[in-house]
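These notes are about the structure you will find just below.
The values are calculated or read from the model by the stated rules, or taken from the named source; none is laboratory data. In this text the structure is predicted, and so the values were computed from the model without any measurement. Here the Cβ is made from the backbone with ideal geometry for all residues, glycine too, and neighbour counts use every protein chain on show.
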Amino acid sequence: MTLQNHSLGNLPVDPLVPTLFHEPWWLDIAAGGRYSVAEVMEHGVVVGRLPYFLKKKKGGILVADLPPLTHFLGPALVPCEGKLHKQFSHRQDVMKELILQLPKTSSFYLKCHRGVPDVVAFQSAGFRAGVQFTQEILPQVPDDIWQSMRSKARQAIRGASTQGSIVTGNDPDLFMQFYVDSIEKNKGTGNTMDRDVHTKLIRACLERGRGKIYEARGRDGALAAAIFCAWDNVASYYLMTSRNPAAHPGNTIMLVWEAIKEAVERNLIFDFDGIASAGGARAANNFTPLLSPRYTVLRESAPMRIFRSVKALVKPSSCFY
């Protein structure tokens, strides 16, 4: 049985703040207060808003990208009433006005949220359109999700549950240290993220009741795996994951299953927050094969396109962003 209302506690969703990542407190922390917002008004009322984050690269090159841990943004529009063709025309007009306000940069990249049905206006303005995918679980009875999961995933969860227990983490610093350590142990590479910003975002989510750290601990109390999820009124986003490579491999799957159950109990979509690798897609496929597109747009100067082309020849990029 699928629940029809995808709104936390039946709370309304502000069309100008459609996701967690559009909220001012999130952007203040993620962008260090260095973000800007393009706005369009009609009859004295804001009907369109597009936040963006500018940063300078080496050589003073100015680019626009997504802030840390902010996996998508995109335009937020107040829908107009009327027939579908009227809604489409209005959406294009508002998006065009938003785009005209964007600054000139060597590169401008956006990954849009699920509420953006098309990026025609961006294409008309010279942006290259693309698509990224995420996997989602819609609100439904947990038993139905359990039965639809791959049998190997259920076996892994059962196996991990005999090795220890799930507890709620309350220390963002501990989570980040474990996360960094797990990157070095699992991948043999150092951490390149802004650890301070990530820690502040996790702490802010915990303080606002908008996120949770799920920990798997062994019988001896040692931390075996941990994940972090944050949510808005529509979806819970699976943002970060880490595991001690010596721990039971089913610990991460067990934690994800716990997060999924809590999400659907809140009547939220569980969003795996984008396919970053083939391995990640296969891991999410343990729970759901449902793929959902997220549109991306990119506008680059000619020198930047040449630079990226040369860089790709030296080190081909993954097909996953």
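If you go through region 120-130 one residue at a time, do you hit one that is of a type outside the set (Gly, Ala, Ser), in contact (Cβ under 8 Å) with a residue 60 or more places away in the chain and in the same structural domain as Gly221 (by TED's automatic domain parsing)?
no
Could you identify the single residue in Leu50, Leu102 that is modelled with pLDDT of 95 or more, under 29 Å from His198 (Cα atoms) and part of a loop (DSSP other than H, G, I, E, B)?
Unique residue meeting the criteria: Leu102.
Please return the ranges of helices (runs of 4 or more DSSP H) entirely within region 150-264 where 3 or more residues are under 27 Å from Val17 (Cβ atoms), in contact with a Phe, Trp or Tyr (Cβ under 8 Å, 6 or more places away or on another chain) and not small (Gly, Ala, Ser).
Ranges flagged: 195-208.
Residue by residue, here is whether (1) at positive phi; (2) surrounded by fewer than 20 Cβ atoms within 10 Å (Cβ to Cβ); (3) aliphatic (A, V, I, L, M); (4) not assigned by TED's automatic domain parsing to the domain that holds Phe72 holds:
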| residue | (1), (2), (3), (4) |
| --- | --- |
| Arg219 | no, yes, no, yes |
| Ala226 | no, no, yes, yes |
| Trp231 | no, no, no, yes |
| Pro249 | no, yes, no, yes |
| Thr252 | no, no, no, yes |
| Glu258 | no, yes, no, yes |
| Ala263 | no, no, yes, yes |
| Phe270 | no, no, no, yes |
| Ala278 | no, yes, yes, yes |
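Among the numbered conditions (1) within 30 Å of Gly126 (Cα to Cα); (2) under 13 Å from the mean Cα position of the chain (by Cα), tell me where Cys229 comes up short.
Checking Cys229 against (1) within 30 Å of Gly126 (Cα to Cα); (2) under 13 Å from the mean Cα position of the chain (by Cα), the one that fails is (1).
Any residue that is touching a Pro at 6+ places or on another chain (Cβ under 6 Å) and either surrounded by 15 or more Cβ atoms within 10 Å (Cβ to Cβ) or at pLDDT 95 or above (or both) - is there at least one of those in region 172-181?
There is no residue in region 172-181 that is touching a Pro at 6+ places or on another chain (Cβ under 6 Å) and either surrounded by 15 or more Cβ atoms within 10 Å (Cβ to Cβ) or at pLDDT 95 or above (or both).
From Gly32, Gly44, Gly59, which residue is on the phi > 0 side of the Ramachandran plot, modelled with pLDDT of 95 or more and in the same structural domain as Phe127 (by TED's automatic domain parsing)?
None of the other options fit; the residue is Gly44.
Scan region 265-301 for residues that are aliphatic (A, V, I, L, M), touching a residue at least 60 places away in the same chain (Cβ under 8 Å) and not in a loop (DSSP other than H, G, I, E, B) and jot them down.
Correct list: Ile269, Ala281, Ala284, Leu291, Val297, Leu298.
Just checking, does region 71-91 include any residue being crowded, with 19+ Cβ neighbours inside 10 Å, at pLDDT below 95 and not aliphatic (A, V, I, L, M)?
Yes, because at least one residue in region 71-91 is crowded, with 19+ Cβ neighbours inside 10 Å, at pLDDT below 95 and not aliphatic (A, V, I, L, M).
Condition test on Val167, is it more than 22 Å from Leu291 (Cβ to Cβ), more than 23 Å from the chain's Cα centre (by Cα) and not small (Gly, Ala, Ser)?
Yes.
If a residue has to be part of a loop (DSSP other than H, G, I, E, B) and of a type in the set (Lys, Arg) to count, how many in region 106-142 make the cut?
Number satisfying all stated conditions: 1.
Name, by its number, the condition in (1) closer than 25 Å to Phe72 by Cβ; (2) touching a residue at least 24 places away in the same chain (Cβ under 8 Å) that does not hold for Arg195.
The failed condition is (2).
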